[in-house]
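Trainee: This structure is in structure tokens; I'll ask about it shortly.
The values are calculated or read from the model by the stated rules, or taken from the named source; none is laboratory data. Every value quoted in this text rests on a predicted model; they were computed, and no experiment measured them. When we count neighbours, we look across all protein chains shown, and the Cβ atoms used for this are built from the backbone with ideal geometry, even at glycine. Note: areas computed on protein heavy atoms with side chains; ligands, DNA, RNA excluded. Shrake-Rupley method; radii C 1.70, N 1.55, O 1.52, S 1.80 Å.
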Amino acid sequence: MNVHESGEMYLEAILVLQRRNGFVRSVDVGEYLGYSKPSVSRAMGLLRKGGLIVMERDGGLYLTEEGRAIAEKIYERHTVLSQVLMGLGVPEKVAVEDACKIEHDISDVTFEIIKQHITAYEASK
């Protein structure tokens, strides 16, 4: 499924919050991302309709298998790119912000080559 950048950000936020807190509600996602309740509500509806999340009666949000795969892909990109940028000397705050921008646009091919380069570099130390 083709998910827009904003959808990827919501899925990544749900993943991060689930790992941190276990239980995630829409309000938690909104606070984490700094988005309004109506924006989050609309996005959650689209993600549910797309089969990427499930919302239980208690308001808990859960990633479907497909939603989790997308979230983990974006989270890995965010983590790796942040580390690469910080390794190059970019201040952490800037590296994290820039990684967030890059993670949605970088191709799978380029990202895999970056990971291979990091692995080879680490092995040569």
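Trainee: Counting alpha carbon pairs within less than 8 Å and at least 6 residues apart, what relative contact order, in whole percent, applies to the chain?
Mentor: Working: 107 pairs, mean separation 26.4, N = 125.
The normalised contact order for the chain reaches 21 percent.
Trainee: Tell me the relative contact order for segment 1-72 as a rounded percent, counting alpha carbon contacts under 8 Å between residues six or more apart. Walk me through the intermediate numbers first.
Mentor: Details: 77 pairs, mean separation 25.5, N = 72.
So the answer I get is 35 percent.
Trainee: Here is a further query. Which entry in (i) 1.14; (ii) 1.36; (iii) 1.06 matches Cα Rg over 2.2 N^0.38 Å derived from the coordinates of this structure?
Mentor: Correct label is (i).
Trainee: Working from Cα positions, state the angle (0 to 90°, nearest 10) between the long axis of helix 37-49 and the longest principal axis of the chain.
Mentor: 90 degrees
Trainee: Using the Cα centre of segment 2-125 as the reference point, and only Cβ charges (+1 on K/R, -1 on D/E), how large is the resulting charge dipole? Debye, rounded to the nearest 20.
Mentor: Values: 15 positive and 19 negative charges, 70 e Å.
Computed charge dipole of segment 2-125: roughly 340 debye.
Trainee: Just to make sure I understand: if all protein chains stay in place, what is the order of Ser107, Ser82 by accessible area at 1.4 Å, largest first? The partial results should precede the final answer.
Mentor: Values: Ser107 55, Ser82 10 Å².
Largest accessible area first, the list is Ser107, Ser82.
Trainee: Using only Cα atoms and rounding to the nearest 10 degrees, what angle (0 to 90) does helix 92-102 make with the longest principal axis of the chain?
Mentor: Relative to the chain, helix 92-102 is tipped by roughly 70 degrees.
Trainee: Further question: What list of ³J(HN,Hα) values in whole Hz, one per residue of segment 22-28 in order, does the Karplus curve 6.51 cos²θ - 1.76 cosθ + 1.60 (θ = phi - 60°) give from phi, with Gly and Pro shown as x?
Mentor: Listing the rounded values in order: x, 10, 10, 10, 4, 4, 5 Hz.
Trainee: Relative to the longest principal axis of the C-alpha atoms of the chain, give the angle of the C-alpha long axis of helix 108-124, reported between 0 and 90° and rounded to the nearest 10°.
Mentor: Approximately 50 degrees, to the nearest ten.
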